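Before any comments, here is the structure.
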Amino acid sequence: MAVVRMATKRFFATHDANSVKNYNIAVFLCITIFVLHSGNAGVLEDNYGRYIGSFKGYAHGVRGTVYAVDENTLFIREFFYDGIGPTAYFWAGKSSRTSPDGFTIPYPEDFPAVEPPPLQTHNNSNIILRLPGGKRIKDIKWLSVWCRRFTVNFGEVFIPITLDPPKPRILPEFKRFAHSLRSGNISILDARTFYIPNLHYDGLGPDAYFFVGNGSEPSPYGVKVPNEIGSLEPLKGYQGEDIEIQLPRSLTMHSIDWLAVWCVQYTHNFGHVNIPDDLDVPPALGQTKLTPTWWYNPTSSTTSDPEGHWDMNNCRDLLPGKLQVHWEVQNEWVQVQLTGKIRENQYMAFGLSGNQNKMTMLGGDVVVVFYNREKNSFHAEDYYLSANTECDGKNGVCQDERLGGRNDAVLVTGTRRNGVTSVVYRRPVQTNEAINDQQVPLDTAAMVIAAIGPLGSSDQPGAHDDLDMTKEEIKINFNAKDDYSCSYSLFNTDDDMGRSAWPPNIIIGEKEFRAKLGPSGGSRGYMAITGQMTGDIVWYINDKLIPEIFVERKQTYTFIVEGGNDPNNGGHYHPLYITDSSEGGFGQKLDADQRKQRVFAGIVYDSEGFPFPTTAGRYCEFKFKSYDRSAEMETFDAFFDSLKLSCENGNAGLLNWTVAEETPDLVYYQSYSQPFVGWKIHVVDPGYKWKDDKDAATRQHGGLPLTCAILITAVAVQRIFTISLL
């Protein structure tokens, strides 16, 4: 990315202003988009720090690859250890060979006891180790998995003498252009984190944000960065605060050229700092300890968009069409996102059943979340349910704090739009109170309860309707990694339907189709085009959202499919097949339902009569650069520019389809493992006149993408020798 950015800068720097002005503005925009897309793809995705080496294992299956994250932190990737050793620890020292003369590196770092616990079983774990007592990596010569009781070395790796770990980078302060903006010297703590000390800003800009992008100076073609509490609301005033902000997950410091305080409405730069090209900063692996959001403003809440910023791989429908839960264990915490189709004066409650053998509200340990419209704030509060009555200070539906306990629910963020409230919060795995709180079990599934209901006076939860509570037993394995059964997003239901739909995409006269996955486009995309609900991802064919494809009979077409090849990972397993079913999802159907589908390509049967797909390949998905902007974008092309491509290693699947004469006029490309992912293929006779269809496609989509391609090609031909010499 740095090479591309530098070449672009030098190109414009070495051509006079009149020459550059003569280029059509479309060329400039297309080149900008091209650079952004090529720069974001794959930048530092596999950067774990400075490579040290791999463990040489001697016992108990020890293996893993070790990296230096910074001067004090190690990262072990894909660590294995069978956990059988009686008192094994991470052990480091500075003797010439591994020996008892060393010290323990605690893991986990925040252990509750006086002594750190022995290592547990690890199966392909990623581990961050922070050297204790201010020790630095240059002070040690080896890292070992060491049994203290029997002084046995289970595995070791030696630190190269010449190792130079990545370090934070100190930048100048913000340039001072408007609204009293100033700061101390800004630091890059890791590949995604800025530290901005002594920040001053009068807060009077009408639409100001932290903003990053490419080029030598800030421009409108950038990306908003959440503030220190994770909010994407316009910036408030600052009076000398020290803050940390993090880039969206799709960006790193290596893919941007500047950080600015930028007014979007008036395209005005209040001040900025440039990012050097020669960065060698620590990767962003979670090792940087950030100030908790409540520290900045403990009495209010953020209003950023959880479904865009908090990726959790587990989801369950608690009350179909009304309430969903996402969750993920993060070290000593469980992070939970509750999303509900509720009114502003309603709450959502979720937690552990009072009896783990059956579903019961009494004795339940729940967190109640809600939105306060008057204060424009979100709340997450810890409750204990001792009776189905209002709390009297001793019994009832009571906050832990009213019972002499503490509120262990920590609010992370929240949003409300389209009649949907979504709140992200965290709670500790281990209980702090023996009576009011339950420990979250990580080794077995837990019985959970949930409800929605009205908020009473002082924002106290009131009695809920029988239809608004869980009635069937629901068990959740909080330690699960891919328990995702939610079939659609609540944000994409009725209240979201008022926005105009994007015109459908059309592909005509092409023989090769590249199939990847990407976001559905909310109410402007898949649902508006097909009239069907869908999940989070759908097919993108040749970078178009579920286009209608036209093919001729007796012709052969190639589908290059990048929908995943691991059937054990349902969220990343979408072999493409061609069928007469508008629903798809062949692999999820019972035998009788499978027989109702007619399959034309992509599925074969083995000798025992079991179907299996033939197009499994590596997984590629278009993901949000920052958050889901489908509601903001009037065209698909604009929405597509807000995405970046992420691909796993491996080869694509291939499907060569010769269209038979008896193929119906209308068939569908679909996903083998999930319904409602694809769309239409129109089948026509040989010699069909495409002119009317092509004209329709041009009227629908305009000529900008083709214009971009032509203009970029022209510029490339004209300047190729100049650029090659830069």
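The values are calculated or read from the model by the stated rules, or taken from the named source; none is laboratory data. None of these values were measured; they are calculated from a predicted model. Every residue, glycine as well, gets a Cβ built from its backbone with ideal geometry; the counts of neighbours run over all protein chains shown. SASA here: full protein model, heavy atoms, side chains in, ligands and nucleic acids out. Shrake-Rupley method; radii C 1.70, N 1.55, O 1.52, S 1.80 Å.
Which lysines, if any, have their Cα less than 19 Å from the Cα of K596, not counting same-chain residues under 8 positions apart?
K680
Contour minus end-to-end for V152 and R343, with contour as 0.36 nm per residue of separation and end-to-end as the Cα-Cα distance?
On the way: separation 191, 0.36 × 191 = 68.76 nm, distance 6.15 nm.
So the extension gain works out to 62.6 nm.
Tell me the label-point distance for the pair S95, R130, using the 7 Å Cα-to-Cβ offset, in nm and rounded to one decimal.
2.9
Just the number please: accessible area per residue for the stretch 348-427, 1.4 Å probe, all protein chains included, in Å².
On the way: 3320 Å² over 80 residues.
With all protein chains present, the stretch 348-427 gives 41 Å² per residue.
If only Cα atoms are counted, what is the Rg of the stretch 341-405, and what is its Dmax, in Å?
In order Rg, Dmax, the Cα atoms of the stretch 341-405 give 12.8, 41 Å.
Rounded, prolate or oblate: which fits the stretch 101-195, taking a ≥ b ≥ c as square roots of the Cα gyration tensor eigenvalues, rounded meaning a/c under 1.5, else prolate when a/b beats b/c? Provide the component values of the computation, followed by the final result.
Working: a/c = 3.18, a/b = 2.29, b/c = 1.39.
It comes out prolate by the Cα gyration axes.
With labels modelled as points extended 7 Å from the Cα through the Cβ direction, what inter-label distance (nm, one decimal) is found for D110 paired with T65?
Label at D110, label at T65, 2.9 nm between them.
Taking 0.36 nm per residue of sequence separation and subtracting the Cα-Cα distance, how much length would be gained by fully extending the chain between T556 and S485, in nm to one decimal?
Numbers: separation 71, 0.36 × 71 = 25.56 nm, distance 3.65 nm.
This chain segment gains 21.9 nm when fully extended.
If I take R0 = 45 Å and measure r between the Cβ atoms of F177 and Q460 in this structure, what FRET efficiency does the formula 1/(1 + (r/R0)^6) give, to the nearest 0.05? Walk me through the numbers before you get to the answer.
Working: r = 48 Å, r/R0 = 1.07.
The computed FRET efficiency comes out at 0.40.
Residue by residue through the stretch 665-678, which ³J(HN,Hα) values in whole Hz follow from phi under the Karplus form 6.51 cos²θ - 1.76 cosθ + 1.60 (θ = phi - 60°), with glycine and proline marked x?
Computed from phi, the couplings for the stretch 665-678 are 5, 10, 10, 9, 8, 9, 9, 5, 10, 8, x, 6, 10, x Hz.
Tell me, what is the percent relative contact order of the stretch 206-275, built from C-alpha pairs under 8 Å that lie six or more residues apart?
Values: 130 pairs, mean separation 28.0, N = 70.
Result for the stretch 206-275 is 40 percent.
Holding the Cα-Cα limit at 22 Å, pick out from K511/K554; K167/K644; K224/K516; K511/K625; K322/K475; K341/K644 the pairs that are longer than that.
On the way: K511/K554 12 Å; K167/K644 28 Å; K224/K516 26 Å; K511/K625 31 Å; K322/K475 18 Å; K341/K644 29 Å.
Over 22 Å Cα-Cα: K167/K644; K224/K516; K511/K625; K341/K644.
Which value, in Å³ per residue, describes the convex hull spanned by the Cα atoms of the stretch 391-471? Before the final figure, lay out the partial values.
On the way: hull volume 12.1 nm³, N = 81.
In the stretch 391-471, the Cα convex hull volume per residue is 149 Å³.
May I ask you to derive the relative contact order of the stretch 312-412, considering only C-alpha pairs under 8 Å and at least 6 residues apart, and to give it as an integer percent? Can you show the working numbers first?
Numbers: 189 pairs, mean separation 14.6, N = 101.
Taking the mean separation of contacting Cα pairs over the length of the stretch 312-412, I get 14 percent.
Pop out the ³J(HN,Hα) list for the stretch 602-617 in order, Karplus 6.51 cos²θ - 1.76 cosθ + 1.60 with θ = phi - 60°, rounded to Hz; leave Gly and Pro as x.
With the stated coefficients, the stretch 602-617 comes to x, 9, 10, 10, 7, 5, 9, x, 8, x, 8, x, 10, 10, 5, x Hz.
Given 0.36 nm per residue, what is the gain on full extension from E662 to E390 after removing their alpha carbon distance, in nm? Numbers along the way, then the final one.
Working: separation 272, 0.36 × 272 = 97.92 nm, distance 6.85 nm.
Once the chain is fully extended between E662 and E390, it gains 91.1 nm.
Mind ordering 193-204, 340-351 by average Cβ neighbours within 10 Å, highest first? The partial results should precede the final answer.
Numbers: 193-204: 18.0, 340-351: 21.8.
Answer by packing, highest mean first, reads 340-351, 193-204.
Sort largest first and round to whole Å: the equivalent ellipsoid semi-axes of the stretch 567-689, each the square root of five times a Cα gyration tensor eigenvalue. Walk me through the numbers on the way to the answer.
On the way: eigenvalues 156, 86, 41 Å².
Working through the eigenvalues yields semi-axes of 28, 21, 14 Å.
Points 7 angstrom from Cα along the Cβ direction at F103 and T121: gap in nanometres?
3.3
Ignoring ligands, DNA and RNA, please state the percent of accessible area on the stretch 368-410 from carbon and sulfur, probe 1.4 Å.
Carbon plus sulfur share of accessible area: 37 percent.
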